[in-house]
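Chemist: One structure, pasted below without further comment.
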Amino acid sequence: MEDSPYTTETLAIYEEFRTRHKLGIVVQAYLKRTSDDVKRLMDNGKTNFRLCKGIYVEPESIAFKERREIQENYLRLLDQMLSGGAQVGIATHDRYLVEESEKMLKARNTSPKEYEFQMLLGVLPGLRDEIVARGHRMRIYVPYGEAWYGYSTRRLKENPQIAGYVFKGMLGIR
Ligand SMILES: Cc1cc2nc3c(=O)[nH]c(=O)nc-3n(C[C@H](O)[C@H](O)[C@H](O)COP(=O)(O)OP(=O)(O)OC[C@H]3O[C@@H](n4cnc5c(N)ncnc54)[C@H](O)[C@@H]3O)c2cc1C
């Protein structure tokens, strides 16, 4: 999922093709519209979500900006998805969200078939291994194909904070 000018169109493409192909859709917890989008998507059938915080810098009028607000919305959305019987990819490296998600999964007695954790290749491998050791499924995200370089630099340009993460990762600083 790219930045907000493309959200409506991307969801519409997903809606058009979801009945003919096995598809999932990414939603961003920082967008205020996401709960309504999730509701509509679930009303239209079993949905496979990837739930992430969102990486772009969006205006305050449409997006939560505070870390805590985004975390709270993330957990509300996860609860909404699990309550509606959706398939959920919990895509985050935020230890707080990982641990709160695990509590929610346990409290709901969620079947391992209904969710998995998802992380980017190379990001916080220690946390990744802990999650796997606790018995959860883990999917690793790898950009590939001819457009990988454009994709990677576009995301870096949109959110330069990521460059700091990558730099720290290269130096082995946590
Ligand atoms: C599988 C997957 C798919 C995604 N798809 C999308 C998408 O389609 N659209 C979109 O807008 N966003 C997408 N994202 C990015 C996501 O929205 C966040 O911007 C990003 O993952 C950081 O949020 P966080 O939940 O990891 O928490 P944060 O609190 O931001 O990160 C926790 C810690 O993880 C580390 N970290 C996080 N991201 C990186 C990174 N890129 N490189 C190095 N270290 C990092 C840092 O140490 C950081 O302190 C995706 C993320 C994942 C895991």
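The values are calculated or read from the model by the stated rules, or taken from the named source; none is laboratory data. The structure displayed is predicted, hence computed values, not measured ones. We place every Cβ from the backbone using ideal geometry, glycine too, and count neighbours over all the protein chains shown. The protein model used for the area step is the full one, side chains on, heavy atoms only, and it has no ligands, DNA or RNA in it. Shrake-Rupley method; radii C 1.70, N 1.55, O 1.52, S 1.80 Å.
Chemist: Exactly one condition in (1) of a type in the set (D, E, K, R); (2) within 9 Å of the ligand (Cβ to nearest atom); (3) closer than 24 Å to Ser35 by Cβ is false for Arg68; which is it?
Modeler: (2)
Chemist: Does Arg18 satisfy being open to solvent by 50 Å² or more (accessible area, probe 1.4 Å), away from the ligand (no atom under 13 Å from the Cβ) and out of contact with any Leu (no Cβ under 7 Å at 6 or more places or on another chain)?
Modeler: Details: open to solvent by 50 Å² or more (accessible area, probe 1.4 Å): no; away from the ligand (no atom under 13 Å from the Cβ): yes; out of contact with any Leu (no Cβ under 7 Å at 6 or more places or on another chain): yes.
Spelling it out, it is not the case that Arg18 is open to solvent by 50 Å² or more (accessible area, probe 1.4 Å), away from the ligand (no atom under 13 Å from the Cβ) and out of contact with any Leu (no Cβ under 7 Å at 6 or more places or on another chain).
Chemist: Let me spell it out: the conditions are (1) within 13 Å of the ligand (Cβ to nearest atom); (2) over 18 Å from Leu124 (Cβ atoms); (3) buried (at least 20 other Cβ atoms within 10 Å of the Cβ), and Val57 meets all of them except one. Which number is the exception?
Modeler: It fails just one condition, (3).
Chemist: Determine which member of the set Glu16, Glu9, Glu58 is acidic (Asp, Glu) and in a loop (DSSP other than H, G, I, E, B).
Modeler: Details: Glu16 fails: in a loop (DSSP other than H, G, I, E, B); Glu9 fails: in a loop (DSSP other than H, G, I, E, B).
Residue meeting the stated conditions: Glu58.
Chemist: Need a quick list: helices (runs of 4 or more DSSP H) entirely within segment 71-174 having at least 1 residues that are among the small types (Gly, Ala, Ser), modelled with pLDDT of 90 or more and surrounded by 10 or more Cβ atoms within 10 Å (Cβ to Cβ).
Modeler: On the way: elements: 95-108, 125-133, 148-158, 161-171.
Passing ranges, in order: 95-108.
Chemist: Given the condition in contact with a strand residue (DSSP E or B) (Cβ under 6 Å, 6 or more places away or on another chain) and among the β-branched types (Val, Ile, Thr), answer yes or no: does some residue in segment 56-78 qualify?
Modeler: Within segment 56-78, not a single residue is in contact with a strand residue (DSSP E or B) (Cβ under 6 Å, 6 or more places away or on another chain) and among the β-branched types (Val, Ile, Thr).
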